[in-house]
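The structure under discussion appears below in the form of structure tokens.
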Amino acid sequence: MIHNYFQLLGIKATFDLDNDLLLANHRKLQQSIHPDRFAASSHAEKLAAVTQMAQINEAFQILKNPVTRAEYLLQLSGWDKPGDEQTIKSLPLLMEQMALREELEEIETADNSQQLLDVFCGNIDQMTQQQLQQLSTEFQQKLSADTIYLSITRLKFLTKLKSEVIRLDEKLEELDD
Amino acid sequence: MALMQIVEPGQTQAPHQRRIAVGIDLGTTNSLIAVMRSAVVDVLADDSGRKLFPSVVQYQSNNQVIVGEAARFSSALDPQNTIISVKRLMGKGFEDIHDFQSKFPYSFVSNQGVPAISTVSGDYSATEISAQILSYLKNIAENRLVDKIQGAVITVPAYFDDAQRQATKDAARLAGINVLRLLNEPTAAAVAYGLDSGEEGIHAIYDFGGGTFDISILRFTRGVFEVLSTGGDSSLGGDDMDQALSEWMISQLSIPVEKNPSLLRHVLNLARGAKESLSDLDEVNIHVCLQGESYGQLHLTREGLEQIIEPIVSKTLKSCKRALRDANLQGEPIRAIVMVGGSTRVPLVRQKVEAFFGIAPLVSIDPDQVVAVGAARQADLLIGNQPNSDLLLLDVCPLSLGIETMGGLVEKIIARNTSIPVAKAQEFTTFKNGQTAMLIHVVQGERELVKDCRSLAQFTLRGIPPMVAGAAKVKVIYQIDADGLLMVSAQELVSGVQAKVEVKPSYGLSDEQMISMIQASFSNAEEDLQQRTLCEQQVEAKRMLLAIEVALDKDGHLLPKNEFESLSQKVELLKQTTDSDDIQTIRKALEVVDKASQHFAALRMNQSVSQALIGQQVDRI
């Protein structure tokens, strides 16, 4: 039985993974394990297929996304994910989050919301890209799990902020009509 | 990960020769049934040559049930007992149907939170009414085909949630149909075109039917359809155009439709007729006249109609925009747009879609039939008639599934657009000292607050041993099968106490309800239920025997000798019981073999996983 998601999908356990290979292997596995391949098989085989496929899909989902992939790599190295009740220890990060949130709130009530939002959205995208780059470097330099987790936390925040940007964008569009 | 039971898999198929499986498009306005024979799909017709059967059911006072065209005819005369657009009610709770109540002249009663429509012959749920339509389709097919139907692929809108999918499956079971797979309608349409044209790349499926609008962005590569994103509106369709046009007519002519449901229905029918005519003609005259009484005449041009329906068409494009964004195509071009559903015959719809996507939509397959055609192809494949085909449909979970956490917040467990089937576990803990129970509330949607999402189910996990807050570890597992149906279970880990609960969607039917409904509504069916079940068990036993013998022959070496022998013995026992006429005996023998072969099946699946990735460099792993 294969327990490690990287092994399951046949790729090397690194943060900078081979995306094409991940996609190709996932595709190959789906081709041979998908329950539809076993629609005429015994109940036990269907069960085994759906269980195996479910695990493969979950592994793919975790590895495809850089944030969950990074967390998973930390977990593999024996690091325990802190619970939700644990607050962010980095003051600068906290300050930045508050400032960005405030900025987004101000955009919503501004006169030229759409324009400001487009600029804001561009900034978030750029920050996300830079943070991903930094995370990759941190993994290469084998920095401590706590340091890496701080990068992950910031990425998570940026992702969440991006979804709020999209929601506001939709809201503005609806107001437009 | 533990092995888990995933809802109920499709049952019987005889293990030999060519098997008959049909594709069913169970639509809001019309339904179709199709079958694949000698590599060609036939959309099946009734004796009068009709292939498009109105999804209309009329209940009469003499307990007769009329379905299809005949029922549609009576809709103006007997609106309260003639149910149209029942698909909009599928899987809905009583509190969800206000919109439906104001639009249709039915009287609803609540049956334990499930809405039922009161008719002269009794109260019927949406599942039962849909079962009548499915049963009607099945009869038409069995009249046309010599063989018995062994399985069906039934299509559902991509936007259908768990309860709606479950209700559809329940309706099929009520009608005695073995569901091989529920298939998203847009995916079915892509199958119909994809196989014919073999065109690789990104496809947009624009499905504008009678009662629902769906947009799906699919990627098709070397035999694989992959759903990149889905979107739409489960209450937007051609009916809304009819509604808008009829409202215009009523206000123009001041037609007194209040308290006159027959007249209202008549005006709706006229509106639909005028809309359909204006797809070919530039102008029409509408004369409102019912039972000898005239309410006046109207002249309507195509431009006039387009003004009235423009807001409805624009709404669909907004969903398209969102779906494109979700698909995250990064510049990859859209190769084709498949048009599905009768509403895509409206010229304005085609114009607007072409203008939005910048390419001309595909309309070569009849937009009313394209879903049924794709479903029939997939049914033929799943029943095992095309063992060499590489085609595989990969679906995603269209909406995120989450759990309620403290403060009415949603913690997402399975993100939208995750490939299915999938199982995901997450751990939670207790909030208070000594807490012995935990409420598990399953919600669906993208928003962060529980009140903005749809509640799918809730249950309480009891028997947690008293501990300090935060010490208990409750593992919640969400799993979605290939049909998109969800099962949720929870268990407390620290104490080792196995407290496990499984939820069915809120409006799913229990086996007992199912049996009593079958007896109540299909009591005059020629086949005795017992007999039917026995036959199914015998076929199932034979099928299982064949499958397992082939497997043992090929991969028996994977098992340790003693396990191999023990399994072989049990298989031998099953062989001796297959012709027994006692259902319980067969069922028991089946269960024994099933249980005994689970480990073997898992070993075989592991072998398949390794083989699928063979030929790769070892150092890459």
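The values are calculated or read from the model by the stated rules, or taken from the named source; none is laboratory data. What you are looking at is a predicted structure, and each value in this text was computed from that prediction instead of being measured. Note that we place each Cβ from the backbone using ideal geometry, even for glycine, and neighbour counts take in every protein chain shown. When the accessible area is computed, the model is the full protein with side chains, heavy atoms only, and any ligands, DNA or RNA have been set aside. Shrake-Rupley method; radii C 1.70, N 1.55, O 1.52, S 1.80 Å.
A few points about this structure:
- Each label was represented as a point 7 Å from its Cα along the Cα-to-Cβ direction; for B:ARG447 and B:SER48 these points are 4.6 nm apart.
- Taken residue by residue and averaged, Cβ atoms of other chains lying within 10 Å of the Cβ of B:478-484 number 3.
- Look at the dipole of the protein assembly as shown built from charges on Cβ: of A:LEU100, B:GLY122, B:ASN433, the Cα furthest out on the positive end belongs to B:ASN433.
- Zone residues, the range B:260-276, relative to B:THR301, backbone N less than 19 Å from point 7 Å out along Cα-to-Cβ: B:274-276
- Accessible surface of the range B:526-613, 1.4 Å probe, proportion on carbon and sulfur as whole %: 51 percent
- Modelled label reach - B:SER118, point 7 Å along Cα→Cβ, the range B:71-93 residues with backbone N closer than 14 Å: B:80-81
- Amide proton proximity set for B:SER495, modelled H, under 5 Å, gap of 5+: B:LYS473
- Residue-wise HN-Hα couplings along the range B:83-88, as the Karplus relation 6.51 cos²θ - 1.76 cosθ + 1.60 with θ = phi - 60° gives them from phi, are 9, 10, 6, 5, 4, 5 Hz; Gly and Pro carry x.
- Solvent-accessible area buried by pairing A with B, both sides, nearest 100 square angstrom, 1.4 angstrom probe: 4800 Å²
- Restricting attention to the range B:35-152, the count of lysine pairs at 8 or more positions apart or across chains with alpha carbons under 24 Å apart stands at 7.
- Spin-label pair B:ASP282/A:THR109, simplified geometry with 7 Å Cα→Cβ offset, distance in nm: 5.6 nm
- Additional length obtainable on full extension of the chain from B:LEU534 to B:LYS432, 0.36 nm per residue less Cα span: 31.5 nm
- A:ASN123-A:GLU174 FRET efficiency (beta carbon distance; Förster radius 41 Å; 0.05 resolution): 0.95
- Separation of the B:LEU77 and B:SER38 label points, Cα + 7 Å toward Cβ, nm: 4.3 nm
- In degrees, nearest ten, helix A:113-140 long axis to first principal axis of chain A (Cα): 50 degrees
- Spherically averaged projected area of the convex hull of Cα atoms, the range A:91-176: 5.6 nm².
- Against the main long axis of the alpha-carbon atoms of chain A, helix A:19-33 sits at an angle near 40°.
- The convex hull defined by the C-alpha atoms of the range B:526-613 has an orientation-averaged projected area of 6.6 nm².
- Other protein chain Cβ atoms within 10 Å, averaged over every residue that makes up A:26-34: 6
- As a calculated quantity, the FRET efficiency between B:LYS259 and A:GLN140 at R0 = 56 Å, using C-beta atoms, amounts to about 0.15.
- In this structure, the residue pairs whose Cα-Cα separation is over 23 Å, taken from B:LYS432/B:LYS475; A:LYS171/B:LYS451; A:LYS64/A:LYS171, are A:LYS64/A:LYS171.
- Averaged over peptide B:540-551, the number of partner chain Cβ atoms lying within 10 Å of each residue's Cβ comes to 3.
- Crossing angle, helix B:162-174 versus chain B [Cα axis fit, 0-90 degrees, rounded to tens]: 90 degrees
- Heavy-atom surface analysis with a 1.4 Å probe gives chain A a carbon and sulfur content of 53 percent of its accessible area.
- The range B:101-136 versus the range B:269-324: alpha-carbon centroid distance in Å: 29 Å
- Additional length obtainable on full extension of the chain from B:ARG462 to B:GLU332, 0.36 nm per residue less Cα span: 41.7 nm
- With coordinates expressed along the principal axes, the C-alpha atoms belonging to chain B extend over 85, 61, 54 Å, beginning with the largest.
- Per residue, in Å², the accessible surface of the protein assembly as shown once ligands and nucleic acids are set aside, probe 1.4 Å: 45 Å²
- Overall Cα dimensions of the protein assembly as shown, principal axis frame, Å, largest first: 86, 80, 56
- Rounded FRET efficiency, nearest 0.05, which uses the C-beta distance separating B:ASP96 from B:CYS289 and R0 of 51 Å: 0.90
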